[in-house]
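None of the figures in this text is laboratory data; all of them are computed from the coordinates on show. No experiment lies behind these values; they were computed from the predicted model shown. All Cβ positions, glycine included, derive from the backbone under ideal geometry; neighbour counts span all protein chains shown.
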C-alpha cells in the first residue's frame, strides 16, 4: 500500500493543481513543494519498513488489469533493495528541483507556472512508476510517459534552441524504446504474462524452465536471447547515454531549465542504468555475460571520452553534461562487472551521480540566474564575490571528482574494485577506467579555477548577491548527502546487499559457469571459441 | 587510553570546522588560538601515545573509533574496510613529527599571516591539513591511508592557491600551481589505487595487520594491546544475522591483550553484553611467539605476504595467485603492487617523473611550504613504502627501480637547485633532492635510515623554510619601509612595487647583520642539511650512505648489490650539490652588501617568527642523538612496526668521506660566491656564469627544460586532442553531421509530420489545447467553478489515449 501511496501522491498533487490558475502562483508552488516533500516522507517510511536482509520484493501490491487467455497484465508494484534506493533518490531530488524553480526567471519570462509544476509532478509520478512497477507492460507505459513532461519542460521553458533539443531528446529515446517494446511484447506473449515476480511470473517461469530464451542458436549473437537483450539494452543505452549514443544529451542538458537538467541528470538517466540491472541482467544472464566485455569497453570509452570532451568545453552546463557521460560510464562498468561489488557500486554511483551532478546543475543554475551566461570566460574570482557559494561549490566539485571521504569516491572505488575482481572483466578494464579518475580532476578543477579562482576583475561579477535562504535550503541537503554517503555508505550498501547477492548468485553466477563450461567443451572439440572470437573488447 | 586516539584527528578537524564556519566573525587572535590549541592538543595526544608505547614495551594498538566503525562494507562481496586506526612506533613517529613541527609552524604563521584578510581561513586549512595527515599515518588499512593521502592533497591544493585573488594574473598563476599539484598527485593516486585493487584481490583485505597479529616476531615477545572487538565493525543493530562473519575476529582475540576504556566498555556492554563477558579471559590468554596459530583470514595483507613468502621459500615452488580468468606468480603480483605503489609515491613525494609540481607549490604562503611541502605531506610516499616494507623487501626488481629513481631525483633536483634565483625554489628543489635520498634509502632496504632522515629533514627543512619566510618578510617590510618613506608622493611607483620580487635572492645580500636570529638559525639549518658533524643531518645522511655501502658489498643478489653501489656514489655526489647550493644561498642572502634598498632596510622578524626558529634550531642540533652509533634507539623503536627494519652500522671511513664532501661543497661555494662576487648586478650574472661551468648553470637555471618537455609531450597534445574531440569529433561529426544523416531521410519522408511536430506540438498543440481547454472550460465552468482551465488534464487524457491505442492490437490478439 505504501508503495502505491508513494507512487500516486504526486498525482494527487497534480489533481489539486488542476483546480488552481496561474495567478495563484504562490499556492501552486507550495502545493507542488508540499506534495514532493510528502512523497519524500512517504518513501522514507518505505525505507524504514524495508527488511534489508530479505532479498525478495517487498511491500508488494497487485491487481490484475488486463486478462486474456494468452496473456495478462498486472498492476504489480513493490520494491527491493536496488529499486528502493532509486525511489529514494527520485523523491529526494524532486523537492530540491521544485524549490530551485521558485524564482526561476524563465518561468517569469515564459509564464504558465501552473503547467510547469504540473509537468514536474507528472514527471515524478512517471519516474517513480518506472522504479516500482514490476510488470513489463505497465513499466513501458511509465517509461514512455516520463518522456512527455520532460519534452515540454525543455521545449517550453528551455534555452534558445529548445525546440531542437526537445525533439532530439524525444526522438532518440523513442527510437530506442520501440526496440524495447518489441522485446517486451515477445517476452510477455511467450510467458503469457508481463509480470516479472510472483508464482506465475516471468522470473519464476525462467527459473523452472517453463520458458527459456535460447542462447546458442543459431549463433550466440543472433540467438533469441541476445536479440532480446539488445532490444532492451539499446533503449537503456540511449537513455544513459552510453557512448556513442550520447549526442542528444548535451543539447537536452544545455537547453533544459535548471530544474529540468537536475531531474534529467539526477533521475531520468538512471532509468537506463536501473533498467540494465533490472531487466538485462535478470532476464538475460547468459547474454549479459556474453556482451559484458563489449559493453565494458563502450563504458570505458565513455569514461575517458566524456572526460576529455568535457575538459574542452567553454559552456559550464555543457561541461557538466559531458561529465555525466563519464560518470555514467562508471555506472555501466560496475553493472556489467556482474558481481555483487560492482553492481552495488554501480547502484550507489547512480545515487551519487544524482546528488553530485544534480548539485552541480543546481549551482550552475544559481549562477545563471545572477549572470545570465554560462560562459566560463565570463567568470573568474567568484569565490571572492560569493564566499559561501564558492565553498559549497568546492565540496560538490570535489565530490564529483571523487575525493575520498565524499560520496563519489565510494561509488567509483567500489565499481573499480568490482570490475577488477570481476570474472568477466578484470584488471585491464579497471586500469583504463581508473584513468578516468585522473581526468575527472583535470576537467573539474579546470572549471573550478575558471569560475571561482583568479582575480575578481570583471565589473559585472563584483556585486553578485549572496545566496538567499531558499538557495541554501536547496543545496544544503545535497552537501549533507555527499558527506553521509562518503563517510558511512553502509546505510546504503546494507539496503541493497542481499538483493544484489541474490541477483548474482541465482542468475549471473550460474550463467558465467554455464558459459565457462560450454567454452571448455568448445575448446575441447577444437571449435572456435565464440566467447573470445566475438567479443570486441579483447 | 586507546579512546583518545581518534581525538588526534577530531581535534584538528574541529579546529578547522570552527574556523571555517565562524572564522569571519573571529578576531585574528581568536582564530589563531583555536588553531594552535587544536594543533597542540593533537601534539599532546601524540606525546601520550609515545609514552604509552614506551610504557607497554612498544605494544601497538588497533582502534575502532567510536564515531565511525564501518566504512566500506559489502558482506556479499567480502569487502570489509573499516575506519580503523593503528598506533605503533612507525605511526607515532609520524604523529610526533606532524604535530610537533605543525604546532611550531602554526605559531610562526600567526606572525607571518598577520593582516591577511583571510587569516582565519588560512588556519582552518592548516588544521584541516593536520587532520588529513593524521588520518594518513594512523589508518590501519591502505584505503584509510588513501583517504588521508588525497585529503592532504586537497589541503595542499587549497593552501598553494590560498592567494588565488592576487592582482595582475598572479592569483591565477597561484591557482595554476595548485591545480598542477593536485593533478600530478592524481596521476600518482592512480597508481596507488591500482595497488590497492591488486592488494585487495590478492589478500582479500586491505588491513595492514589485524588484531592479535605480531608484526615482527624477531623482537616482539608478547601480543598487541587492542580494544578491537569481534563485532566492532558492525552496525549497532540489524545485522545480528551476520554475526557469523566476524567469528574469525573473535578467535584472533586469543592473542590480544585488551585495554578498554570505560566509555567504550559500556558501549560494548550495551550492544553485546554477552560478548563482553569474554574480555577478561582474553587479557589472560596465552601469549604466542609468532603468527603460526593464525589462519590467513586472521592476518592482514603484510602478515599473509610474509607467510606466503616463507612457504614459497620452504617448498621452492612459486605460489600462484588467481585473478578471475588469470593466474600470476605471487612474486610477479608483489612486484606489480609495489611498482604501482611507487608511482603513488613519486606523486606525493615529488620524485621523477612527477616531481614538477613541488617547485611550483612554493606559490603558497611560506608556512605552508614549510609544513606541507617540506616537512610532512611530501614524506607520505616514504612513509607508505616503509609501511609496506614487507612488499618492498620481497620485490627485488621494484626495490632496484625505487633506488634508481631516488638517486636520479636526488641528483637532478640537487643540480637544478644550483641555478635558481628564488630563495624558496632553491629550498623546494633541495626538498625534492632530499626526498630522493629517502626514497633511495627505501630502495636499498634501509628503512630505518629512511625514516631517520625523514624525521631530521622535517626539522631542518622546516627551519630553513621558516627562515626563508622570515627573510622574505623582512625584505618586504624593508620594501614597504622604503616605499612609504622614500616615495610617498610617487603614485606611479605602484608599477615598481609590483615588479619587486621579495623572494629573489638578487634583491638580497648582507642580511646577516640585520636579521641576526634568522641568520644564525639559518646557518644551523644549512649545516645540518649539508651533513656537517654533529648536526642531525650528518647522522641521518651518514646512515643512508653506510647502509648503501653495506648493501653494495653485502652481495644479497646482483640487483640489490648494484643498487647499493649506485646509491652510494649517486648520493655522495648529490650531497656535494647540497652543500654547494646551500652555501651559495647563504652567500647571496646573508653575506656581501645589500643589493636593494629593501634589503638595506630589512628588520628582524617578530617573536612569533623567531621563537619557532630557535626551537627548531635546538632540535636540529640535538635530534641526531636519537640514533647514533652509540645507541640505535630509533632502529630498536622502529623494529616493532617494520618487520624488515634493522640498525645500520657506523662506517667511520664513510663518515669522513661524506663529511669532506659536505665541507668541500661549502668551500667551493665560498670560493666562487664569497667576497661579494656571487652576483654581478650590472650584467645580471651568477658567479658560475663567469666560469667554464656556465652552460651547466644555464641548464640548471632552465630546470633542465623538464616542464617544457612535459608541456610539449603531454599537456599541449592533451589540450589539442581535447579540443579536437570536442569540436570536431563530438560536435561537428557525431552531433551534427551524423545526426543529420540519420534524420535527413527521416525528415524528408516525414516532412508532413515534421512541421506539425516542430510547430505543432510545442506551440500549436499547447495553444490549441489552450483554446480547446478554454472552450471546454467554458462549458465546464458551471459545475466546476471554472477552475478546470488547464492543459495538464488534456495532456493526461492524451497519455491515456496513447495507452489505449497501444492496447488495441493486444486486445485483438487476446480476443
Rel. contact order, % - alpha carbon contacts under 8 angstrom, at least six apart, chain A
15 percent
Kindly give Rg over Rh for segment B:591-632, based on alpha-carbon atoms, with the Kirkwood expression for the hydrodynamic radius.
1.29
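For segment B:550-702, what is the convex hull (Cα atoms) projected area averaged across all directions, in square nanometres? Walk me through the numbers on the way to the answer.
Numbers: hull surface 55.7 nm².
Taking the Cα atoms of segment B:550-702, their convex hull projects to 13.9 nm² on average.
Of B:543, A:506, how do they rank once you tally other Cβ atoms within 10 Å and put the fewest first? Each step should come with its number before you reach the end.
Values: B:543 31, A:506 14.
Ascending Cβ contact count within 10 Å gives the list A:506, B:543.
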How large is log10 of I(q)/I(0) for segment A:59-128 at q = 0.21, 0.22, 0.24 Å⁻¹ when the intensity is taken from the Debye formula with one equal scatterer per alpha-carbon?
-0.93, -0.98, -1.06
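Given 4 °C and 1.567 mPa s, compute D for the protein assembly as shown with the Stokes-Einstein relation, Rh being the Kirkwood radius over Cα pairs; round to the nearest whole µm²/s. Display every interim value, and only then the final one.
Working: Rh = 33.4 Å.
It comes out at roughly 39 µm²/s.
How much length is gained on full extension from residue A:37 to residue A:103, taking 0.36 nm per residue of separation minus their Cα-Cα distance? Don't jump to the answer; show the numbers that get you there.
Working: separation 66, 0.36 × 66 = 23.76 nm, distance 1.86 nm.
In short, 21.9 nm is gained.
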Just the number, please: percent antiparallel of the DSSP beta bridges in chain A, rounded to the nearest 5.
90 percent
Measure nothing fancy, just the Cα-based angle from helix A:509-524's long axis to the longest principal axis of chain A, in degrees from 0 to 90, nearest 10.
50 degrees
In nm, spacing of pseudo-spin labels at residue A:110 and residue A:186 (7 Å Cα→C-beta vector)
3.9 nm
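Starting from the Cα coordinates of segment B:1-117, work out the convex hull volume and express it per residue in Å³. Walk me through the intermediate numbers first.
Working: hull volume 15.0 nm³, N = 117.
Dividing the Cα hull volume of segment B:1-117 by its residues yields 128 Å³.
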For helix A:407-421, what angle does its Cα long axis make with the longest principal axis of chain A, in degrees from 0 to 90 and rounded to 10?
20 degrees
Given segment B:649-734, report the % of alpha carbon pairs whose separation exceeds 20 Å.
65 percent
Please list log₁₀ I(q)/I(0) at q = 0.15, 0.17 Å⁻¹ for segment B:618-672, using the Debye equation with identical point scatterers on the alpha-carbon positions.
-0.63, -0.74
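Neighbouring Cβ atoms within 10 Å as the yardstick, rank A:151, B:157 fewest first.
On the way: A:151 21, B:157 27.
Going from sparsest to densest Cβ surroundings: A:151, B:157.
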Can you give me the Kirkwood hydrodynamic radius for segment A:300-425, using every pair of distinct Cα atoms, in Å to one decimal?
15.2 Å
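Can you work out D for segment A:1-160 in µm² s⁻¹ from Stokes-Einstein, where Rh is the Kirkwood radius over C-alpha pairs, the temperature is 37 °C and the viscosity is 0.692 mPa s? List each step's numbers first, then the result.
Values: Rh = 16.5 Å.
Translational diffusion coefficient: 199 µm²/s.
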What fraction of the Cα pairs in segment B:99-226, stated in percent, has a spacing above 18 angstrom?
67 percent
Jot down the per residue volume, in cubic angstrom and as a whole number, of the convex hull over the alpha-carbon atoms of chain A.
132 Å³
Please compute the Kirkwood hydrodynamic radius over segment A:347-496, one decimal place, Å, based on all pairs of different Cα atoms.
16.5 Å
In whole angstrom, how long is each semi-axis of the equivalent ellipsoid of segment B:292-352, when you take the square root of 5 times every eigenvalue of its Cα gyration tensor and sort them from largest down?
25, 15, 12
Bins of 10 Å from zero: percent of alpha-carbon pairs in segment B:93-141:
25, 48, 21, 6, 0
So, how do all the Cα-to-Cα distances of segment A:387-461 break down into 10 Å bins, in percent, from 0 on up?
18, 38, 24, 13, 5, 1
Expressed in µm² per second, the diffusion coefficient of segment A:240-359 from the Stokes-Einstein equation, with Rh the Kirkwood radius over alpha carbon pairs, at 10 °C and 1.306 mPa s, is 112 µm²/s
In nm, spacing of pseudo-spin labels at residue A:22 and residue B:685 (7 Å Cα→C-beta vector)
8.1 nm
Alpha-carbon Rg/Rh ratio, for segment A:127-226, with Rh computed the Kirkwood way:
1.12
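Given a cut-off of under 8 Å on Cα pairs at least six residues apart, what relative contact order in percent is computed for segment B:285-426? Let's see the in-between values first.
Values: 98 pairs, mean separation 32.3, N = 142.
In percent, rounded to a whole number, it is 23.
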List B:690, B:514, B:168 from most exposed to least, where exposure is judged by having the fewest other Cβ atoms within 10 Å.
B:168, B:690, B:514
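Based on the alpha-carbon gyration tensor of segment B:388-441 and its eigenvalue square roots a ≥ b ≥ c, which shape applies: rounded if a/c is under 1.5, prolate if not and a/b is larger than b/c, or oblate?
Numbers: a/c = 5.72, a/b = 2.85, b/c = 2.01.
It is prolate, given that a/c is not under 1.5 and a/b is the larger ratio.
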Between 0 and 90°, nearest 10: helix A:427-452 axis offset from chain A longest Cα axis
10 degrees
